[in-house]
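Written out below as structure tokens is the structure these notes cover.
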Amino acid sequence: MPIRGDVYDIDLKETARLIQQKIDEQVSRNQHLLERVIDKQVAKDFKDAEQQINAYMNRFKEQFDCVLRERETRETEKEQILATVEAQKAKLNKYLSEFPPIQASLNTWKPV
């Protein structure tokens, strides 16, 4: 009995086309997935950047407010210091005005 083998007709062009089609489908799916991943990462990066900018602006505002409070405090202190100096000046002028009569009185006690 002669050996008979099965013969298969393989269309290599059709096989290549089907493989190329499967590759194209995977690339398309992966491209959409990659685009979604990139979109999410960009959105996250922008959100992080926005938070950093807001935090920086808040720190700047706090520091600015602190400087304003210090300035107001110093203005108040300056007014208080000026008032104290003026009061001391008035007392000094009063004492100075009393000095010539005292000096004249002391001069009368000097031996001649």
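FYI, it's all coordinate maths here, none of it is from the lab. Everything numeric in this text was worked out from a predicted model, so none of it was measured. Cβ: placed from backbone, ideal geometry, glycine included. Neighbour counts: every protein chain shown.
One table, with the values for the structure above:
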read-out	value
Segment 80-112-segment 8-22 distance, computed between alpha-carbon centres (Å)	119 Å
Karplus 3J(HN,Hα) series, Hz, for segment 28-35 with 6.51 cos²θ - 1.76 cosθ + 1.60 (x for Gly, Pro)	4, 4, 5, 5, 5, 5, 4, 4
Helix-only mean residue ellipticity at 222 nm for the chain, each DSSP H run of n ≥ 4 adding -39500 (n - 2.57), per residue, nearest 500	-33500 deg cm²/dmol
Listed candidates [x] 9.7; [y] 19.2; [z] 7.2 - label of the one calculated as mean projected area of the Cα convex hull in nm²	[y]
Chymotrypsin sites (Phe, Trp or Tyr not before Pro) lying in DSSP loop within segment 1-100, provided at most 12 other Cβ fall within 10 Å	Y8
The chain: Lys pairs at Cα distance under 30 angstrom, eight or more positions apart or on different chains	10
Estimated inter-spin distance, E25 and K91, nm [label 7 Å along Cα→Cβ]	10.0 nm
Positive-end residue of L68, W109, Q21, charge dipole of the chain with Cβ unit charges	W109
